[in-house]
Amino acid sequence: MTGDSLTLSQQISAPESSDFLADVIAGLSSNPRALPCKYFYDERGAALFQKICDLPEYYITRTEIDILDRNRADIASHLGPDIELIGLGTGAGTKTRILIEALERPAVYIPVDISEKQLRESTVLFRKIFPDLEILPVCADYLQPVVLPSSSRKATRNIVYFPGSTIGNFEPTEALEFLRRIANFSCRGGGLLIGVDLKKDRRVLEAAYNDSADVTAQFNLNLLERVNRELAADFDLDQWRHLAIYNSSAGRIEMHLISEIDQFVHLDEQEFHVRRGEKIITEFSYKYAPEEFAALAGKAGFEFVRMWSDDARLFGVLYFTCSRDR
Ligand code: AVJ
C-alpha cells in the first residue's frame, strides 16, 4: 500500500457541526446541564488529552501501558495468531503498538477513531512499522453503529481492543448496550481486550482529575472554547471553573464546569441563564471493581478469561471471549 491509500476507509459518522449544535443546545437546556464528553476531542482537546496522559497524578495511561508492556507475551498468547484486531478509540496508538508488536502474525488491524488527525498519523506510522499488516482505518464516532470494512485476508478470529478505560464514559446501562454491540464483532470465538479503571481511594481519583498543573482544567474549559469557536457562542471562559469530584455511591468521577457568577450565555439566537454555582456536567468516568465489570460483560455475552493488573491494582486489562453466534 502506498501513501495514496491513506484515504480513510469510511467517514461514516464523524460528528457534523449540525449534530454538535443540536447536542449543545439540548445539553444546555437539560437539568442538570450536561455536554457530551466526546466533544472534548477537537485538535486542541486531543493534544491536551495527550498532555494529561503524561501528568504525574494521572496514573491511568502509564499504568495501562506498563501492564501491557509487562504482560505482552501472555496477552498475545491469549489472543492467538492471525487475528483481526479492531481498535476502538485507539488515538495515537501507543498501546496498540505494544500489543501488535507482541502478536503472532496479526492479519488485519482496523483502528476506529473520532480524531481524524491522530488516525491519519498513526496509520502512516503503523504502515511503516508493520508492513505486513493490513490496516483499514475508519474515522467514525463508534458510539454510533459502525460498519467495518471487510478485509480480503483470512483471520482466525476478531478481537476488539478498547483501551484507556473509555468504557468508563458510559452509564452502566449504556455500557451494557455497547458491550452487546461489540459482542457482535467478536462472536463465534472472538474476544474483547479492554482497559478498565478500577475503584480505589477517592484521593487518588480526585487528584488524577484535578491535577496541579491545571491541564485537566484547560481540557475541560476547551469544550466551552470549542463551542464558542465552532458554534459562535459567547461563553466567558474567565467565569467558569473546572471541578472534578468522585461520586462514590455512583462509582464515578464527575467533571463539572461551575459558573462563577450569575450570567447569560448566547448560542444560536437562544439565551441561557446560568446562576452562580450552577454546573455543567461534562464527563462521567466510571470506575469498576474487577468482578463488577466481569459481571457486566457477562450480561453482554462475554466469558471472562483473565485480568492483568498492576501491583497497586489501580487499573485492569481484562480479556473476555465470546462463543455465541451473532
Ligand atoms: C479518556 C475517558 C479514559 O476518563 O480518565 C481524562 C478522559 N477526562 N481526564 C478518563 C479524561 C479527564 C479519560 N478517558
Note down the nm distance, to one decimal, between modelled labels 7 Å out along Cα→Cβ at LYS154 and at GLU269.
6.1
Gained length - ASP214 relative to ASP201, 0.36 nm times residue gap less alpha-carbon distance
2.6 nm
Segment 83-226, accessible surface, carbon-and-sulfur percent (1.4 angstrom probe):
49
Take the alpha carbon gyration tensor of segment 50-189, find the square roots of its eigenvalues, order them as a ≥ b ≥ c, and report rounded if a/c is under 1.5; if not, report prolate when a/b exceeds b/c, else oblate.
rounded
Suppose R0 equals 22 Å. What FRET efficiency, 1/(1 + (r/R0)^6) with r the Cβ-Cβ distance, do ASP66 and ILE129 give to the nearest 0.05?
0.60
Rule-of-thumb check for segment 167-326: C-alpha Rg over 2.2 N^0.38 Å?
1.28
Write down the Å³ per residue value for the convex hull defined by the alpha carbon atoms of the chain.
132
For the chain, take the longest principal axis of its alpha carbons; what is the angle in degrees between that and the long axis of helix 116-129, to the nearest 10 within 0 to 90?
30
Which shape class, rounded, prolate or oblate, goes with segment 59-123 when its Cα gyration tensor gives a ≥ b ≥ c as root eigenvalues, a/c under 1.5 marks rounded, and past that a/b bigger than b/c marks prolate?
oblate
Relative to the first principal axis of the alpha-carbon coordinates of the chain, what is the inclination of helix 17-29, with its axis defined by its Cα atoms, in degrees from 0 to 90 and to the nearest 10?
50
Quick one: how many Å² of LYS299 are accessible to a 1.4 Å probe, rounded to 10?
140
Per residue, the convex hull enclosing the Cα atoms of segment 234-326 spans a volume in Å³ of 165
Between GLU116 and LEU231, what is the spin-label point distance in nm, taking each point 7 Å from the Cα along the Cα→C-beta axis?
2.0
How much length is gained on full extension from ASP74 to GLN144, taking 0.36 nm per residue of separation minus their Cα-Cα distance?
22.0 nm
Sequence-distant residues sharing a close amide H with ARG33 (under 5 Å, placed H):
ILE281
Gain on full stretching of the segment that runs from ARG276 to GLU177 - 0.36 nm per residue minus C-alpha separation:
32.0 nm
Solvent exposure of the chain as accessible area per residue, Å², 1.4 Å probe
45
Flagged links, alpha-carbon separation over 23 Å, of LYS117/LYS287; LYS200/LYS279; LYS95/LYS299; LYS38/LYS279; LYS154/LYS299:
LYS117/LYS287; LYS200/LYS279; LYS95/LYS299; LYS154/LYS299
Rounded to one decimal in nm, the spacing of the 7 Å Cα→Cβ label points at GLU260 and SER29 is 3.0
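The values are calculated or read from the model by the stated rules, or taken from the named source; none is laboratory data. Treat the numbers as computed from the prediction; the structure is a model and nothing was measured. Neighbour counts are summed over all protein chains in view; Cβ atoms, including those assigned to glycine, are modelled from backbone coordinates with ideal geometry. Remember, those area values only see protein heavy atoms, side chains included, never the ligands or the DNA or RNA. Shrake-Rupley method; radii C 1.70, N 1.55, O 1.52, S 1.80 Å.
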